[in-house]
1. Hey, A:Leu107 hits all of (1) under 18 Å from A:Arg42 (Cα atoms); (2) within 11 Å of chain B (Cβ to nearest Cβ) but one; which does it fall short on?
2. Which ones in the stretch A:16-40 are loosely packed, with under 12 Cβ neighbours inside 10 Å and more than 16 Å from A:Thr105 (Cα to Cα)?
3. Condition test on B:Gln19, is it surrounded by 12 or more Cβ atoms within 10 Å (Cβ to Cβ), polar (S, T, N, Q) and closer than 14 Å to B:Tyr72 by Cα?
4. Across the stretch A:41-55, which residue is nearest to the other protein chains (Cβ to nearest Cβ) among those that are surrounded by 18 or more Cβ atoms within 10 Å (Cβ to Cβ) and within 18 Å of A:Arg72 (Cβ to Cβ)?
5. I need the strands (runs of 3 or more DSSP E) fully contained in the stretch B:50-110, keeping only those with at least 3 residues that are away from chain A (no Cβ under 11 Å) and farther than 16 Å from B:Met10 by Cβ.
6. Can you name the residue in the stretch A:67-87 that is within 14 Å of another protein chain (Cβ to nearest Cβ) and closer than 19 Å to B:Lys97 by Cα and, of all such residues, is surrounded by the most Cβ atoms within 10 Å (Cβ to Cβ)?
7. Can you spot a residue in the stretch B:26-36 that is hydrophobic (A, V, I, L, M, F, W, C), touching a residue at least 24 places away in the same chain (Cβ under 8 Å), more than 11 Å from every other protein chain (Cβ to nearest Cβ) and closer than 25 Å to B:Ala110 by Cβ?
8. May I ask you to list the residues in the stretch B:62-84 that are surrounded by fewer than 19 Cβ atoms within 10 Å (Cβ to Cβ) and over 9 Å from the mean Cα position of the chain (by Cα)?
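Taken together, the values in this text are just the output of simple stated rules run on the coordinates, not laboratory data. The structure displayed is predicted, hence computed values, not measured ones. Heads up, the Cβs are rebuilt from the backbone with ideal geometry, glycines too, and the neighbour counts pull from every protein chain shown.
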Amino acid sequence: SQTIHQWPATLVQPVGSPLSLECTVEGTSNPNLYWYRQAAGRGLQLLFYSVGIGQISSEVPQNLSASRPQDRQFILSSKKLLLSDSGFYLCAWWRDSGYTFGSGTRLTVV
Amino acid sequence: GQNIDQPTEMTATEGAIVQINCTYQTSGFNGLFWYQQHAGEAPTFLSYNVLDGLEEKGRFSSFLSRSKGYSYLLLKELQMKDSASYLCAVRGGGTYKYIFGTGTRLKVLA
């Protein structure tokens, strides 16, 4: 079966610390993968998308980065977190019928 | 520019019918999607319209008019579990990206 996994579910990190969120997809090959952020009371903001290994498109200038080291793996990183990086991070996989989202990571930067 | 508008909040009574509107302005059009998002959870797919008209799926229906840049989501026989945010999203022409509205928070009252 085709599934998408995202972890961790929640994360509390101090300002200035690094970040690594991981997303993996199973049961498919060459998926189009996305990272979104949803700040409190706001809509989904596209951060990065990837159409293949090593191919990353960045939508918004920020202190975040993304990598696609393997076909089914998409990683969101930061070297130094800011308070404004707090939010709900969602990995998504584009399929013909729309997005399938991972379960999300609630990040609180303190 | 590209923009999606939907009401911020709506309230309805259990057993009633509610219509959530969405208007959009995008460069190109490759489909409109509705997602349901319960508090603290990831969005889940509800419906997809690419041609004008009404798509019915059980208690939920979605309508699209491409010439008017307009869609609505119709929820019938409302249940308490329908209390959630409803996100309208449009896929622009020739892109892998969606634009999401900020969502409509629906409260269903007993």
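1. Looking at each condition in turn, A:Leu107 falls short on (2).
2. A:Gly16, A:Glu26, A:Gly27, A:Ser29, A:Asn30
3. So B:Gln19 passes the test.
4. Of everything passing the filter in the stretch A:41-55, A:Tyr49 is nearest to the other protein chains (Cβ to nearest Cβ).
5. Result: B:53-57, B:60-65.
6. So the residue we want is A:Phe74.
7. No - not one qualifying residue is present in the stretch B:26-36.
8. Once the filter is applied, which keeps residues that are surrounded by fewer than 19 Cβ atoms within 10 Å (Cβ to Cβ) and over 9 Å from the mean Cα position of the chain (by Cα), the stretch B:62-84 yields B:Ser65, B:Arg66, B:Ser67, B:Lys68, B:Gly69, B:Tyr70, B:Lys76, B:Glu77, B:Gln79, B:Met80, B:Lys81, B:Ser83.
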